[in-house]
Amino acid sequence: MFLSVFDIFKIGIGPSSSHTMGPMVAASRFLTALTTLPDRAGCTRLAVSLHGSLAFTGKGHATDRAVFLGLMGCLPETLDPDQAEAMVAQLRVNRTITVPAGGPVAFDPDHDLVFDYGPPLPGHANGMVFTAFYPSGEILLRQVFYSIGGGFVVSEDELSGQSSSRDSVPADVPYPFTSAVEMLRMGKGTGLSIAAMKEANERARHGPELEPGLERLQAAMNACLDRGLRHDGILPGGLSVRRRARGLHQQLLSERGSNQVQPHAATDWLLVYAMAVNEENAAGGRVVTAPTNGAAGVVPAVLRYYRDHCIGASAARARQFLLTAAAIGGLIKHRASISGAECGCQAEVGSASAMAAAGLCAALGGTNEQVENAAEIALEHHLGMTCDPVAGLVQVPCIERNGLGAIKAVSAASLALRGDGQHFMPLDNCIETMRQTGQDMADKYKETSIGGLAVNLPEC
């Protein structure tokens, strides 16, 4: 299974890749499937049910809104967030979905989308069922989708096929590594860096589209971060969480050149960059999965830190950063999970921190062995982290958690660079530990908001 840099980094909207972007894509896929049926004109009603984590935290993650927009033909990468509310408001008035070449079909947002709080569907914690009905009530089309993290969506059949492909070797790329061991072995045999091997793989798939695609990703990351530094106010959702990135950024700017700045102010820059991104994500803005929306601030923060604060930073090495980070993210996704509903926040912020650590280590001249070590250090020290968002919103503790993930990433890269790449715990074993830990973790700590910080709130 080959995971491209554009699989790991996707442009979309907040607040969640698995609960917002994924359901929007699933709804759009269902609409497309319905459109291809010869008797689509016989459809008179649509219904959707959300299961598992999508039910428990769906309202806080705007999953219902995402489904509505997907049924209206929207996709995360092209949707204008400023138009979304008006489109949903119109649906609530009309209570119909227009099926291309099939006409209007009844869909009542208040009754035809159900949050099912019973047992999750068998395939994954993020399950959805889409159904189209004939006038008689008979089923015209029924499809089950799973949102498996990072905006990835699979059907029931596709999910069963994926379970047998974990160790499959991609045949159409020159460096088909599916583990860190293989990656290091190939690098040693060819003398190529991880970024160079990843670039060769990407060119085999994307050809001349690679460069403009990477530029779009960096532009989207920077635009999101910059918007977060400009905006203040209260985030939506009812918790009355204040945006803090703009105020913190202004403080840091005012201190520049002062001889009163503490040495640890460098970490404050990482915090403010990551928080800026995740405040934008919480507000439903345009973000880049890195590898998920809930962890979208870590990689952009460390990349901005490299660009604006590190000696010798260059555009070429920033590309190496992204390619290396994507290679590590692909390994984690392939061998374990990047889904908070499946493995907790260790799979989201932990994966993002490992990716950022590897990217920074590569950009600062680290060897392949040092890069692998950096990723392992960062991931190892997120093991066991639960996903327990308060009120199902990607705000508390998610926004600050991205900042701390960025700090850990830089520390991991620095520690790896001061060594020779030799270390005790291989990255592959750390990834497997994360998978096993996620398997054993109680469901209430995996993006259901029925445990952890989500239930231990101030009494006021």
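The values are calculated or read from the model by the stated rules, or taken from the named source; none is laboratory data. Only a predicted model underlies this, so the values are computations on that prediction, with no experimental measurement involved. Cβ placement follows ideal geometry from the backbone for every residue including glycine, while neighbour counts extend to all protein chains displayed. When the accessible area is computed, the model is the full protein with side chains, heavy atoms only, and any ligands, DNA or RNA have been set aside. Shrake-Rupley method; radii C 1.70, N 1.55, O 1.52, S 1.80 Å.
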Amide H within-cut-off set for residue 395, under 5 Å, with H built and near neighbours excluded: 390
Per residue, in Å², the accessible surface of the stretch 215-361 once ligands and nucleic acids are set aside, probe 1.4 Å: 35 Å²
Extreme residue, positive dipole direction of the chain, given options 191, 137, 347 (C-beta unit charges): 191
Cut-off of 10 Å, at most 15 other beta carbons, DSSP loop: longest stretch of the chain lacking such chymotrypsin sites (Phe, Trp or Tyr not before Pro): 118-423
Hz values of 3J(HN,Hα) by residue in the stretch 176-183 - Karplus curve (6.51, -1.76, 1.60), Gly and Pro given as x: x, 7, 10, 8, 5, 4, 4, 4
Solvent-accessible area per residue for the stretch 385-460 (1.4 angstrom probe, square angstrom): 50 Å²
Between helix 298-309 and the chain: long-axis angle, C-alpha atoms, 0 to 90°, nearest 10: 40 degrees
Whole-Hz couplings from phi, Karplus 6.51/-1.76/1.60, listed for the stretch 116-122; x for Gly and Pro: 8, 8, x, x, x, 5, x
Between 0 and 90°, nearest 10: helix 427-440 axis offset from the chain longest Cα axis: 40 degrees
Debye, to nearest 20: dipole size of the stretch 283-428, +1 on Lys, Arg Cβ, -1 on Asp, Glu Cβ: 500 debye
More than 36 Å apart - percent of Cα-Cα pairs taken over the chain: 26 percent
Residue 296 long-range amide H proximity, modeled H, under 5 Å: 290
Sulfur and carbon atoms: percent of accessible area, the stretch 36-122 [1.4 Å]: 56 percent
Per-residue ³J(HN,Hα) for the stretch 37-52, Karplus 6.51 cos²θ - 1.76 cosθ + 1.60, θ = phi - 60°, Hz, x for Gly and Pro: 6, x, 9, 4, 5, x, 6, 10, 8, 10, 9, 9, 10, 10, 10, x
Share of carbon and sulfur in the accessible heavy-atom surface of the stretch 299-446 [1.4 Å probe, %]: 51 percent
Cut-off 17 Å (backbone N to label point 7 Å along Cα→Cβ of residue 232), residues of the stretch 260-283: 272-273, 275-277, 279-280
Distance histogram for the stretch 210-265 (every C-alpha pair counted, 5 angstrom bins, percent rounded to whole numbers): 4, 16, 15, 15, 16, 15, 12, 7, 1
Separation between Cα centres of the stretch 360-415 and the stretch 62-139, rounded to whole Å: 35 Å
Overall form of the stretch 395-434 per C-alpha gyration tensor (a/c, 1.5; a/b vs b/c): oblate
Square roots of five times the Cα gyration tensor eigenvalues for the stretch 1-127, Å: 23, 18, 16
